[in-house]
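The values are calculated or read from the model by the stated rules, or taken from the named source; none is laboratory data. All figures in this text were calculated on a predicted structure; none of them were measured in a lab. Glycine gets a Cβ as well: all are built from the backbone with ideal geometry, and neighbour counts include every protein chain shown. Calculation scope for accessible area: heavy atoms of the full protein, side chains included, ligands and nucleic acids excluded. Shrake-Rupley method; radii C 1.70, N 1.55, O 1.52, S 1.80 Å.
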Amino acid sequence: MGWAIAIHGGAGDIPISLPVEHRAPREATLRHCLDLGVAALRANRPPLDVVELVVRELENSPCYNAGKGSVLTTAGTVEMEACIMDGNTKNCGAVSGLSTVVNAISLARLVMEKTPHIYLAFDGAEAFAREQGVETMDPSHFITPENIERLKNAKEANRVQIDYTQPIKANSTSDQGDSQIGTVGCVAVDNHGNLASATSTGGLVNKMVGRIGDTPMIGSGTYANPFCAVSATGKGESIIRATVARDVAALMEYKGLSLKEAAAYVVEKVPKGNVGLVAVSANGEVTMPFNTTGMFRACATEEGYSEIAIWPLEGNGICDDSQK
Amino acid sequence: MVGGWAIAVHGGAGVDPALPVERQEEARRVLARCLSAGAEALRAGALALDVVEMVVRELETDPVFNSGRGSALTRKGTVEMEASIMDGRGRRCGAVSGISTVKNPVSLARLVMERSPHSYLAFDGAEDFARKQGAEIVDNSYFITEENLGMLKLAKAANSIMFDYRVPLTGADTCRASAGLVADVGGELQMMNGLPISIYAPETVGCVVVDSAGRCAAATSTGGLMNKMNGRIGDSPLIGSGTYACEACAVSCTGEGEAIIRSTLARDVAALMEYKGLGLQEAVDYAVKERLDEGKAGLIAVGRNGEVAMGFNTVGMFRGCATEEGLMEVAIW
């Protein structure tokens, strides 16, 4: 047993040819976030605080699809959603349809802690944000030129893009893996076995206005209970159908599978190219399986294992931390 | 019992034991009517997905229960409805939230599933989609009943949130505190803060069906909590929480939305069957007993083999079921 943390910046069809100018900032952000999370765990911050602070950092980074840098709806607007869950109490908070809130994950936490509800969305969530005095910016703050380009490509291809999709035009300037940026998430466990999970996203490129994905849905994109904490990424509709995050925990609890087995089982059952997840168990284990080409991810354990990666390591992309 | 169709409906968990007999009879009549309509369709070979939609539409249209007409009111005195539907074969699903002018939210949820690339649409986006799809639109006032306007006033006066089953909670501003209070109440409905239990409590509605081909489907629809914050989403539209269907079974839940979400109640029933090998009723009982903690809720479920199961830890749940074998029952307590 010991603390452990895992972070993702989205799973999808990330081409191996991703040029260094797109790779480097993303890897640097993951490294930075991992360091922040590890430092917080070492300082005995509760996992709920740790996952929130890591996801805030990812939201603030323009190179990931959350907060600033969120992908755009078909109307060219940003609608952000997020979810946070505490393993011991199974208290949770979720928000959707945010357009001015700088850190959706923190608003989700406020919903959990300051209202009798779990989930607030759209105008009601924005109104709550103002009541709570959280930091807000004009909607234009969140929109980046890269995302305007992505939306344009998606509309031209008449397609709703999943987090990571190879553009149809092979010779398009954005065929550098740059059309693909993903949901972000973090799971953490401290050395007492306390677990927490947090996920945040701008959703799908060219999504319909009002579309809600798996991220804010407890049991689909986000889940934590006394067994494990899970954050998923990929095609929302597939993740919802498969109740990915809940299923990992259910397999451990009801079928006695280990974290690694449970996570691998769930990922295999979802159609290929649609899902990835990060998960930690109460025992300090970590796993990061995905059935897509790649998943931006990072993890670290108290034993000293640490990893930052995009594509599969030795074939299956599962973080190997079995030294105990 | 192997094979054969089966259907179960609910009109909400948590009923005032002092509910006047006339209101009880009224509720039973509506449930019986919807059940019969569903059973008749199943006898004629209808598909599970069509039957759950049809039955929930009936329940939405009737003002007796908390969905569609008769929905609980938000803080602002408006109606924000939500619904979801799921087809066990393929686990296709559709959901909507923040619906204020669409006459039948469950049908809109089905349209999201079948005519959009997504699974869940909410608020303005869902309303726009409804218009583009030609769904029946009415003014928001259509959904508001005198009774609920009165209830909202009382709820505001007590500055409390009223759940489906009308147990007002006092002073509690967090999920945790609310759960604690319900536990204190000991499962019995009480008056708190001087607020009287309503004469009649409109409830979330739902339907689960297994058709003669063994295909399962579920649908749930609601107006949510009386005096809820605008924008609040409960369990009913959340796949895995209020609604779930897979090859093995279909489930629809009702009660404290927050408790149902936390416990991913609908999915858990199916997961207990799938991963722990429990039978349908066993899974339902386990979920209600072990998964809700201090939360109060109920659920209905059907299994692919034509079984029906129901469970609740509240005082009463408006419900009914019918099977191909000829069972037909409507109950409250």
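What is the residue count in segment B:37-58 for residues that are in contact (Cβ under 8 Å) with a residue 60 or more places away in the chain and more than 26 Å from residue B:247 (Cβ to Cβ)?
Result for segment B:37-58: 0.
Using the structure shown, decide if residue B:132 is open to solvent by 30 Å² or more (accessible area, probe 1.4 Å), over 20 Å from residue B:66 (Cα atoms), in a helix (DSSP H, G or I) and of a type outside the set (Val, Ile, Thr).
So residue B:132 passes the test.
Select from segment A:186-223 the residues that are outside any loop (DSSP other than H, G, I, E, B), more than 15 Å from the chain's Cα centre (by Cα) and within 14 Å of chain B (Cβ to nearest Cβ) and list them in ascending order.
Scanning segment A:186-223 gives A:205, A:207, A:211.
Does segment B:290-316 hold any residues that are among the basic types (Lys, Arg) and more than 19 Å from the chain's Cα centre (by Cα), and which are they?
If we filter segment B:290-316 for residues that are among the basic types (Lys, Arg), which is where we start, we get B:291, B:296, B:304.
Answer for segment B:290-316, where residues must be among the basic types (Lys, Arg) and more than 19 Å from the chain's Cα centre (by Cα): just B:304.
Could you name every one of the strands (runs of 3 or more DSSP E) located completely within segment A:1-109 that has at least 2 residues being surrounded by 21 or more Cβ atoms within 10 Å (Cβ to Cβ) and free of Cβ contacts under 8 Å to residues at least 40 places away in the same chain?
A:92-98
Output yes when any residue across segment A:248-259 is of a type in the set (D, E, K, R) and either over 12 Å from the mean Cα position of the chain (by Cα) or surrounded by fewer than 24 Cβ atoms within 10 Å (Cβ to Cβ) (or both), and no when none is.
So in segment A:248-259, the residues of a type in the set (D, E, K, R) come out as A:253, A:255.
Checking which are either over 12 Å from the mean Cα position of the chain (by Cα) or surrounded by fewer than 24 Cβ atoms within 10 Å (Cβ to Cβ) (or both) leaves us with A:253, A:255.
Within segment A:248-259 (the criterion being of a type in the set (D, E, K, R) and either over 12 Å from the mean Cα position of the chain (by Cα) or surrounded by fewer than 24 Cβ atoms within 10 Å (Cβ to Cβ) (or both)), the answer is yes, since at least one residue qualifies.
Hey, among B:288, B:308, which residue is open to solvent by 10 Å² or more (accessible area, probe 1.4 Å) and under 22 Å from residue B:38 (Cβ atoms)?
Answer to the selection: B:308.
Which residues, taken from segment B:270-287, are in contact with a Leu (Cβ under 7 Å, 6 or more places away or on another chain) and more than 8 Å from every other protein chain (Cβ to nearest Cβ)?
Of everything in segment B:270-287, those that are in contact with a Leu (Cβ under 7 Å, 6 or more places away or on another chain) and more than 8 Å from every other protein chain (Cβ to nearest Cβ) turn out to be B:273, B:278, B:283, B:284, B:286, B:287.
Using the structure shown, decide if residue B:78 is within 10 Å of chain A (Cβ to nearest Cβ) and under 30 Å from residue B:19 (Cα atoms).
The answer is no for residue B:78.
Sort out for me the strands (runs of 3 or more DSSP E) sitting completely within segment A:224-324 that have 1 or more residues that are touching a His at 6+ places or on another chain (Cβ under 6 Å). Talk me through it step by step, then tell me what you get.
Details: elements: A:228-234, A:275-281, A:294-301, A:306-309.
Answer list for segment A:224-324: A:228-234, A:275-281, A:294-301.
Restricting the search to segment A:114-139, which residues are open to solvent by 70 Å² or more (accessible area, probe 1.4 Å) and either over 28 Å from residue B:256 (Cα atoms) or more than 14 Å from chain B (Cβ to nearest Cβ) (or both)?
Listed by number, the residues that qualify are A:135, A:137, A:138.
I'd like to check something: does segment B:59-79 contain any residue that is in a helix (DSSP H, G or I) and either hydroxyl-bearing (Ser, Thr, Tyr) or surrounded by fewer than 22 Cβ atoms within 10 Å (Cβ to Cβ) (or both)?
Applying the first criterion (in a helix (DSSP H, G or I)) to segment B:59-79 yields B:59-61.
Remaining after also requiring either hydroxyl-bearing (Ser, Thr, Tyr) or surrounded by fewer than 22 Cβ atoms within 10 Å (Cβ to Cβ) (or both): B:61.
Yes, segment B:59-79 contains a residue that is in a helix (DSSP H, G or I) and either hydroxyl-bearing (Ser, Thr, Tyr) or surrounded by fewer than 22 Cβ atoms within 10 Å (Cβ to Cβ) (or both).
Identify the single condition in (1) within 17 Å of residue B:303 (Cα to Cα); (2) in contact (Cβ under 8 Å) with a residue 40 or more places away in the chain that residue B:90 does not satisfy, given that it satisfies every other one.
Looking at each condition in turn, residue B:90 falls short on (2).
As an exercise: evaluate residue A:84 against (1) farther than 17 Å from residue A:7 by Cβ; (2) in contact with a Cys (Cβ under 9 Å, 6 or more places away or on another chain); (3) within 14 Å of chain B (Cβ to nearest Cβ) and give the number of the one condition it does not meet.
(1)
Does residue B:55 qualify as being of a type in the set (A, V, I, L, M) and either at pLDDT 95 or above or surrounded by 17 or more Cβ atoms within 10 Å (Cβ to Cβ) (or both)?
yes
Residue A:271 is checked against (1) open to solvent by less than 20 Å² (accessible area, probe 1.4 Å); (2) more than 27 Å from residue A:301 (Cβ to Cβ) and fails just one. What number does that condition carry?
(1)
In the list B:46, B:41, B:18, B:37, which residue meets the criterion of being more than 20 Å from residue B:145 (Cα to Cα) and modelled with pLDDT under 95?
Only one candidate passes the filter, namely B:18.
When residues of segment B:272-281 are filtered for being open to solvent by 10 Å² or more (accessible area, probe 1.4 Å) and in a helix (DSSP H, G or I), how many remain? So that I can check it myself, show each step before the final result.
So in segment B:272-281, the residues open to solvent by 10 Å² or more (accessible area, probe 1.4 Å) come out as B:273-279, B:281.
Keeping just the survivors that are in a helix (DSSP H, G or I) gives B:273-276, B:281.
Number of matching residues: 5.
If residue B:252 satisfies all but one of (1) under 16 Å from the mean Cα position of the chain (by Cα); (2) of a type in the set (S, T, N, Q); (3) surrounded by fewer than 24 Cβ atoms within 10 Å (Cβ to Cβ), what's the number of the condition it fails?
All conditions pass for residue B:252, except number (3).
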